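Below is one structure, written out as structure tokens; comments come after it.
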Amino acid sequence: MPGLETVVGRRINALPAALDAANWPAGARVVRIAPDDVFLIGDGPLELSDRHAIVDHEAGFSGVWITRPDAADWLERNAVWGLAPDGEVAQGMAAGLPVKMLADGQEVLVLVASVLADDLEERLA
Amino acid sequence: MFVTTFRYGSEQVGFRSGDSVLVALLRAGIRPPTGGTVCLAGDCVHCLCTVDGVAYVRACQVPAAEGLEVEPHPDDGRPLLPQPVSRPETVMRNLHADVVVIGLGEAGRAARDHHEAAGRMVIGLDARDGREVAGIYPGPLVVARDGREIIGVHCEEVVVATGSSEIQPVAPGTGLIGLYTVDAVDALHQAGVELGPIVAIGRPPTTAPHRLAEGELVRFEGEDTVTAVVTRTDGGEQKWECAAVSLGLGRYPRDILLRMGSGMPVTAAGSVGDPTELPPPPVAGVVCPCSGVSVEQLDSVVGRGFEELELVKRSTLAGTGTCQGQTCLPHVRSYLTERVGATPAPFTARPLARQLTISETIANYRLPGFFKTSLDSIHRQSGGVMDRFGPWYRPWHYGDPLAEYWAVRSGVSIMDVSTLGKMIVTGPDVNEFLERLYPTPVATIEPGRCKYVLMLNEKGAVFDDGMVCREDDHRFTLTFTSSGVSFAEMWMRDWAEAWGMDVRILNRTASLGAINVTGPRSQDLLESMGLDLLPPFLGHRRMEVAGVPAHVFRLSFTGEASYEIHHPIDRSPRLWQALLEAGDPFGVIPHGLEALLTLRLEKGHIIVGQDTEADSTARRLDHEWAVKPEKGDFLGRQAVLRTDAIELDRQLVGLTMEGPAPDEGTVLHDDEGLSGYVTSARYSPTLERTVMLGWVRLVDGEVPDTLRADDRLVHRAGTPFYDPEGSRARA
């Protein structure tokens, strides 16, 4: 797996219904971590109906884009879970660490908390 | 003449293409030394051997191969542990399918074809193809081994088509060499293996020459190898001389995986699901060859009242051995049917059905990850001695912890405190939520101000501490201990849901770095960077520091004026470097945990987990000032009120002694004996004596003035030991 690099975006914690109905910036990637939690990659205006939502700068993830076959092969050997459909996030333990994967066509974004990025790279070396 | 051989003990054994190890051995005239009825189907335990250092391998299931190292198991006792050898790590492969079919005989193939025709993705697993299923777990997850890898197949449905096994005999002499199931006899005959004169009991072989014995099986005779089998007819006993016995005693479902899948979408195909026909009740001999359980032992345990199958299993260990009951279960059920009058259901089957090696068991197992802050590599390059502290790698010191200590006390120093737990909480109900969560008033915290808080559980015990910092009417930044934040997040989310509170909770621990600038010259350092609107003591403010957007908190854990700068984690290196450069005229150096632990102890600050126990109330911790029952309801309040009414029995107190610090954990004695123990101990360079926190038993309601530790005199002392007025922290 190629080297991981910081992925900068916005972290949004809001009511699930507000996230479901949000108007995301064009071209942005929406990493839905939990019903009330999104990591948004991409600039542009965000329309969210929850006025109490937490929207903060997020630089706590590291990631890398890999091909879908590479992702599937990597998961086969390191995780008990598989890729989610396009645009959806699959997440769980992989190589003993919490990893998220966002599939987008023939590419997959692998994300891990930056505080574990070195560890993940070492485990996959 | 064979050109390919494997080693068996001290002999070289030749083999033909397609031979298993067992067939090759039998062809060479070598019989398994343990004796017993050989099934050649992987069901029994009578051909166990050690192959290439792996014990408990069924020789009938291993294809003979050039260079194999095979050792027989001893005919009594267990095989010796193999010598440690370097092996490649076993990896686990995870596959995903709609259906898994276990067993690819006629019924299994039909099931596979049926599901594939319906457009479902099917994975077939069959021991004869080298993929032996070891267990079925909820999911379902089917775990198989293939000798090189562990395969985990995650699926929607499992079809078990494992067929049935031949019933083994129970009679005196079943441990002799030369006994075979009828299918084994035919298979060996077809493989060209000569067994000598064969006598058949029950269903006869279809191809192998034999004499068919009449009557019921009574016993086998012989020294080590069978020489005769005795049957009983109406005319009495009859002895049949032979070199081998073929046993066709019926079949029993090979259903352990089916039973293991109880409650899961696991179905049967073929004879594995057929109704069982139990053999006649055993009257003498060994019922369970794996555990060596005889009919006499069954008589004994049933005679003592253990009449249920599960109790018989536990009291005799029948069914718990290598074959997991495939051999003994029909006999034990038949035995209990006769003794108790009802046929018991088979006992529960749990993974694993097959023994795995240690390497297979831990395939892909990984230790939990330990976090590294984004300054980790800088610490290492700076000579930082790194170690794990809670879930994080942290710098213990940078080579001179005493110099680091004095930098804080007399100048300025920086520390990477990114590990600190950090959360943001907002929402319409956030004020009420925090009031219920914390035992001290939150409403009185003004925007831009912070307050130290304890976290209490329902028992009133302290499980974490930190700061509550109000940003505006409905937004707070909360801090927690480095080790406690994950639990605290779960705790908060659980209670928010239980109370139906409309709040948002976001854990920012891994997203925000934090650097503490501390020491009497900390303000000078930051002002030299152009920061002239620094927050007051117990205040906080958002501002840019060296071009980095930051949230600056004026707190103090070290006892000196301190500014905790929270910032996006990817900006930590830049901010760290800027602080070192700006601090150079002030002699700034970084400090590690070694210095910090001394600094905080001089101030008497507790570390939750180190200085606290599971039942440490605020009163026992001498932190009653941080709990205000009069404010109204909060978590743990009822327990606080109840325990406050009880006479205090022990307390965490400040202690001092001359000379070096004792080990943390050192026992404390009072005049009457054991009093407590030391939780934290450090030699204070400033105070020039050892300062400690420790749990002490109260005598007549009072903490003794003097105690002993390691036969040294210990004095009770008030905390903080250093700057009790707090003037330096507020400066």
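No value in this document is a laboratory result; all are computed from the given coordinates. Being a predicted model, the structure only gives us computed values, none of them experimental. Note that we place each Cβ from the backbone using ideal geometry, even for glycine, and neighbour counts take in every protein chain shown.
Take the cross-link list B:K451/B:K628; B:K459/B:K631; B:K459/B:K603; B:K422/B:K451 and give me the ones stretching past 23 Å between alpha-carbons.
Pairs exceeding the cut-off: B:K459/B:K603.
For chain B, what proportion of DSSP beta bridges, expressed in % and rounded to the nearest 5, is antiparallel? Write out the running numbers ahead of the final one.
Numbers: 117 of 152 bridges.
Once the DSSP bridges in chain B are tallied, antiparallel ones form about 75 percent.
Which length gain, in nm to one decimal place, applies between B:M121 and B:A403 when the Cα-Cα distance is subtracted from 0.36 nm times their residue separation?
Full-extension gain reported as 94.9 nm.
Find the relative contact order for the stretch B:554-657 and round it to a whole percent, using C-alpha pairs within less than 8 Å whose residues are 6+ positions apart.
Relative CO of the stretch B:554-657 lands at 23 percent.
Suppose R0 equals 25 Å; then what is the FRET efficiency for B:T233 and B:R339 from their Cβ-Cβ distance, rounded to the nearest 0.05?
FRET efficiency, B:T233 to B:R339: 0.40.
Would you order B:L707, B:L141, A:L124 from fewest to most other beta-carbon atoms within 10 Å of each residue's own beta-carbon?
Listing B:L707, B:L141, A:L124 from fewest to most nearby Cβ atoms yields A:L124, B:L141, B:L707.
Residue by residue, what Karplus-based ³J(HN,Hα) values in Hz, rounded to whole numbers, does the stretch B:637-653 have, using 6.51, -1.76 and 1.60 with θ = phi - 60° and x for Gly and Pro?
Coupling constants for the stretch B:637-653: 4, 4, 5, 4, 5, 5, 6, 5, 7, 9, 5, 5, 10, 8, 8, 7, 10 Hz.
Residues of the stretch B:654-685 with amide nitrogen under 13 Å from the 7 Å Cα-to-Cβ point of B:H715?
B:655-659
At a 10 Å Cβ-Cβ cut-off, how would you order B:R619, B:R637, fewest neighbours first?
Details: B:R619 16, B:R637 20.
Sorted ascending by nearby Cβ count, the order is B:R619, B:R637.
Which of the trypsin sites (Lys or Arg not before Pro) across the stretch B:126-159 are loop residues per DSSP, with 16 or fewer other Cβ within 10 Å?
Working: sites: B:R128, B:R131, B:R145, B:R148; in loops: B:R131, B:R148.
Those satisfying the criteria are B:R148.
Could you check the simple spin-label distance between B:Y452 and B:W499, using points 7 Å along Cα→Cβ, in nm with one decimal?
About 2.4 nm, to one decimal.
Report, by chain and number, residues whose modeled amide H sits under 5 Å from the one on B:V453, excluding near sequence neighbours (fewer than 5 apart, same chain).
Hits under the 5 Å cutoff: B:G466, B:M467, B:V468.
Over chain B, what is the relative contact order in whole percent, taking alpha-carbon pairs under 8 Å and six or more residues apart?
RCO, chain B: 9 percent.
Whole-Hz ³J(HN,Hα) for each residue in the stretch B:41-54, computed from phi via Karplus 6.51 cos²θ - 1.76 cosθ + 1.60 with θ = phi - 60°, x for glycine and proline: what do you get?
10, x, 8, 9, 10, 8, 10, 4, 8, 9, 10, 6, x, 9
Can you classify the stretch B:203-340 as rounded, prolate or oblate using the Cα gyration tensor, where a ≥ b ≥ c are the square roots of its eigenvalues, rounded means a/c under 1.5, and otherwise it's prolate if a/b beats b/c and oblate if not?
oblate
Apply the Karplus curve 6.51 cos²θ - 1.76 cosθ + 1.60, θ = phi - 60°, to the phi angles in the stretch B:118-126 and return the couplings in whole Hz, x for Gly and Pro.
Using θ = phi - 60°, the values come out as 7, x, 9, 7, 10, 10, x, 10, 9 Hz.
Taking the Cβ-Cβ separation of B:E214 and B:A65 as r and a Förster radius of 56 Å, what is the calculated FRET efficiency to the nearest 0.05?
0.85
State to the nearest 20 debye the size of the charge dipole of chain B about its Cα centre, where the only charges are +1 on K and R beta carbons and -1 on D and E beta carbons.
That gives chain B a dipole magnitude of about 1000 debye.
Suppose a student asked you for the relative contact order of the stretch B:278-426, using Cα pairs under 8 Å spaced at least 6 residues apart; what percent would you report?
Dividing the mean separation by the residue count of the stretch B:278-426 yields 15 percent.
Let me make sure I get this right: for chain B, a, b and c are the square roots of the gyration tensor eigenvalues over alpha carbons, sorted descending. Under 1.5 in a/c it's rounded, otherwise prolate if a/b > b/c, else oblate. Which is it?
prolate
So, in nm, how far is label B:L534 from label B:A191 when the simple model puts each one 7 Å beyond its Cα toward the Cβ?
For B:L534 paired with B:A191, the spin-label model returns 8.4 nm.
Relative to the longest principal axis of chain B, what angle (0 to 90°, nearest 10) does the C-alpha long axis of helix B:401-410 take?
Between the helix axis and the principal axis of chain B, the angle is about 30 degrees.
Tell me, what is the FRET efficiency for B:S262 and A:I33 to the nearest 0.05, using R0 = 30 angstrom and their Cβ-Cβ distance as r?
For R0 = 30 Å, the calculated efficiency reads 0.25.
Using 17 Å as the cut-off for backbone N distance, which residues of the stretch B:241-275 belong to the label zone defined by a point 7 Å from the Cα of B:T348 along Cα→Cβ?
Only B:256-264 fall inside the zone, counting backbone N under 17 Å.
Stretched out fully, how many nm does the piece from B:E725 to B:A110 gain, at 0.36 nm a residue minus the Cα gap?
Difference between extended and current length: 213.0 nm.
Based on the alpha-carbon gyration tensor of the stretch B:84-200 and its eigenvalue square roots a ≥ b ≥ c, which shape applies: rounded if a/c is under 1.5, prolate if not and a/b is larger than b/c, or oblate? Intermediate results must be reported in sequence, preceding the final value.
Numbers: a/c = 2.51, a/b = 1.65, b/c = 1.53.
It comes out prolate by the Cα gyration axes.
Using helices alone, I'd like the mean residue ellipticity at 222 nm for the protein assembly as shown: each DSSP H run of four-plus residues gives -39500 (n - 2.57), total over residue count, nearest 500.
Here the helix-only value at 222 nm equals -5500 deg cm²/dmol.
Gain in length, B:K628 to B:D472, computed as 0.36 nm per residue apart minus the alpha-carbon separation, to one decimal in nm? Before the final figure, lay out each step's value.
Numbers: separation 156, 0.36 × 156 = 56.16 nm, distance 2.33 nm.
Between B:K628 and B:D472, full extension yields 53.8 nm more.
A:V7's amide H: which non-local residues (gap 5+, or another chain) put their own amide H closer than 5 Å, with H modeled 1.01 Å from N in plane and none for Pro or chain starts?
Under 5 Å from the amide H of A:V7: A:F61, A:S62, A:G63.
Return the percentage of antiparallel bridges among DSSP beta bridges fully within the protein assembly as shown, rounded to the nearest 5 %.
80
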